Amino acid sequence: MNQDKKEKIFRYLQEQIAQADFRARAYVFDEANNKNPKRNCFIKLKMYLDDFLKGNFSIRWLIVPGFRGVGKTTLLSQLYYETTNPNLYKLYLSVDQIVQILGSTLQEVLSVYEELIGFAFERLDKPVVLFLDEIQYDKKWGITLKSIFDRSNKVFIFATGSSALSIQTNSDVVRRAIMEKLYPMSFTEYLKIKSNKFEVKGLSARVREAIFNKSSALEVFSSLKSLEKDVRKYWTGIERLEIERYMKYGTLPFAVRLRNEGIVYDQIKKILDRVISMDMIEIGQFSNEIISRMPEVLYSIASSEVLSVTNLAKDLSISKITLTDILSAIEKTETITRIYPYGAHTTQVRKPSKYLFSSPAFRSMYYNFIGNIMDESSYMGKLLEDTVGMYLTRYLTGINSSLTYDSARGSADFVARINRQNIIIEVGYGEKGFFQIESTAERVKAKYGIALSMSPLQLNLEKTAVAIPLSYFLLC
């Protein structure tokens with residue numbers, strides 16, 4: 001690194017340090033100068049840092065992956081602002097700025113930072129906390145942070161990234177860092193951010209236990225019935241239209257406090273445009289012509305029930321292999337979630353997969369901002385399916401589980417396999433019966449089925465199924 005570049009980085013770091021608190025305030029406080037509520041994961045992440053500052057060096061590297069718009073920068077800014085211990089150095093860096101604007105690398109910037117504070121990382125006089133946003137922009141971020149992690153136990157690293165798959169499979173990271181994925185907001189987080197409505201303590205865990213960890217439909221029904229008083233207590237004073245608002249845009253933190261839906265959808269479109277124009281280029285080796293076709297692929301996903309790769313490839317006049325690569329790359333950005341057909345590794349390997357949006361707000365943008373892609377009833381049903389898929393993906397991650405769907409006509413939306421036992425799940429925005437569950441139960445052995453809808457809590461012993469209102473499920 002020549003002297004001119006070193007001086008440029010030196011001035012950049014001085015400016016970053018001087019302005020960091022001011023910039024963080026934009027994410028920490030609202031227009032009325034009140035602190036914005038914090039996501040549920042904030043407490044856990046802050047606890048790791050507090051333990052480190054007390055001398056527990058067992059966990060010193062946290063990575064927070066999540067798709068664009070899910071709130072990573074706000075979370076990192078809140079952590080930075082709340083870290084007020086004077087006996088440490090702290091540095092906030094946007095790695096995309098380092099690479100794209102400064103024309104440098106993370107390694108070069110951190111090397112100059114050592115000179116700026118007057119200590120090499122091996123010889124620190126007090127701890128350093130690094131807050132690094134969008135690390136995936138530096139292709140060598142893994143080896144750079146591994147080196148710093150190994151050089152000193154006085155360095156604590158927070159890092160966020162928009163490509164969870166590439167982050168989680170980085171060999172320089174997996175044995176050292178703790179992954180704390182940031183998911184779209186749950187319904188209770190949405191109301192906490194929007195209205196300071198706090199959940200009933202412990203209720204979410206009890207609802208999850210009742211829905212997913214019982215041995216029979218009767219046990220599910222009885223357990224949920226016992227929670228009726230607390231569920232009603234939570235919903236007191238909440239408009240039922242909040243469920244619709246939540247599915248349309250409330251899973252994304254930035255959208256909650258915007259009052260103009262047109263602006264919300266414009267921002268969501270810009271997020272997806274950046275996914276295509278920036279992230280997709282980083283993930284796959286696609287030509288400009290193929291990149292230009294990706295909005296059509298996303299639009300097709302938004303308007304489809306189940307996606308046939310063969311048929312869509314013909315419609316778009318691209319090869320099946322190319323379309324498969326495109327879908328795989330979009331999945332890596334976490335914009336979509338692929339749901340395989342039940343038994344995909346055996347009898348149904350030729351059946352098409354179902355693609356859901358990781359946030360229902362993405363599908364909502366296409367319906368409300370780009371143009372009507374289906375009738376309103378189907379649209380609301382697909383929003384709910386995205387929402388339930390989002391909840392199930394979050395819950396099933398990290399446990400002995402899988403999520404598939406039954407590809408037969410007239411069948412249920414999901415089959416959740418937990419500890420080698422299946423739960424059949426059907427989703428509907430209006431009233432919902434048990435027909436689809438019964439149909440899937442003829443082919444899939446399951447301990448029980450659940451129908452999620454606006455219907456009241458109801459037990460059907462004959463069908464070994466329970467109708468569960470959204471007012472229960474959205475609390476889990």
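The values are calculated or read from the model by the stated rules, or taken from the named source; none is laboratory data. Everything quoted here is computed from the prediction, not taken from an experiment. Cβ coordinates were reconstructed from backbone atoms using ideal geometry, including for glycine residues, and neighbour counts include every protein chain displayed. We work out accessible area using only protein heavy atoms, side chains counted, and drop any ligands, DNA or RNA first. Shrake-Rupley method; radii C 1.70, N 1.55, O 1.52, S 1.80 Å.
Find all pairs meeting these conditions: Cβ atoms under 9 angstrom apart; at least six residues apart or on different chains; first residue within segment 1-19 and under 15 Å from Leu106 (Cα atoms) and charged (D, E, K, R); second residue open to solvent by 70 Å² or more (accessible area, probe 1.4 Å) and part of a helix (DSSP H, G or I).
Matching pairs, first to second residue: Lys6/Glu115.
Of these, Ser439, Ser455, Ser402, which one is without any contact (Cβ under 8 Å) to a residue 60 or more places away in the chain, assigned to a strand (DSSP E or B) and not charged (D, E, K, R)?
From the options Ser439, Ser455, Ser402, the qualifying one is Ser402.
How do the helices (runs of 4 or more DSSP H) wholly within segment 240-325 filter down when requiring 3 or more residues that are open to solvent by 60 Å² or more (accessible area, probe 1.4 Å) and either farther than 16 Å from Val70 by Cα or basic (Lys, Arg) (or both): which remain? Don't jump to the end; show me each part of the working.
Working: elements: 241-245, 253-256, 261-274, 280-283, 288-302, 309-316.
Per the criteria, 261-274, 288-302, 309-316.
Which of the numbered conditions does Ser58 fail, given that it passes all the others? Conditions: (1) open to solvent by 80 Å² or more (accessible area, probe 1.4 Å); (2) farther than 19 Å from Leu145 by Cα; (3) touching a helix residue (DSSP H, G or I) at 6+ places or on another chain (Cβ under 9 Å).
Evaluating Ser58 over (1) open to solvent by 80 Å² or more (accessible area, probe 1.4 Å); (2) farther than 19 Å from Leu145 by Cα; (3) touching a helix residue (DSSP H, G or I) at 6+ places or on another chain (Cβ under 9 Å) leaves (2) as the failure.
Among the residues of segment 74-103, what is the count of those that are surrounded by 18 or more Cβ atoms within 10 Å (Cβ to Cβ), assigned to a helix (DSSP H, G or I) and of a type outside the set (A, V, I, L, M)?
Summing the residues that are surrounded by 18 or more Cβ atoms within 10 Å (Cβ to Cβ), assigned to a helix (DSSP H, G or I) and of a type outside the set (A, V, I, L, M) in segment 74-103 gives 5.
Residues of segment 56-65 being under 12 Å from Ala159 (Cβ atoms) and of a type outside the set (A, V, I, L, M), which ones?
Once the filter is applied, which keeps residues that are under 12 Å from Ala159 (Cβ atoms) and of a type outside the set (A, V, I, L, M), segment 56-65 yields Arg60, Trp61, Pro65.
Among the residues of segment 173-199, what is the count of those that are within 30 Å of Lys140 (Cβ to Cβ) and not in a loop (DSSP other than H, G, I, E, B)?
2
Which members of segment 106-152 meet the condition of being part of a helix (DSSP H, G or I), of a type in the set (Lys, Arg) and either open to solvent by less than 60 Å² (accessible area, probe 1.4 Å) or closer than 23 Å to Lys8 by Cα (or both)?
Matches in segment 106-152: Lys146 only.
Could you say which residue among Met374, Met294 is farther than 30 Å from Gly430 by Cα and either hydrophobic (A, V, I, L, M, F, W, C) or in contact with a helix residue (DSSP H, G or I) (Cβ under 8 Å, 6 or more places away or on another chain) (or both)?
Unique residue meeting the criteria: Met294.
Looking at Ala446, Ala467, Ala451, can you tell me which residue is open to solvent by 10 Å² or more (accessible area, probe 1.4 Å), within 18 Å of Ala217 (Cβ to Cβ) and small (Gly, Ala, Ser)? If you could, list the steps in order and put the result at the bottom.
Working: Ala467 fails: open to solvent by 10 Å² or more (accessible area, probe 1.4 Å); Ala451 fails: open to solvent by 10 Å² or more (accessible area, probe 1.4 Å).
On inspection, the qualifying residue turns out to be Ala446.
On the given criteria, is Ala210 farther than 30 Å from Arg409 by Cα and part of a helix (DSSP H, G or I)?
no
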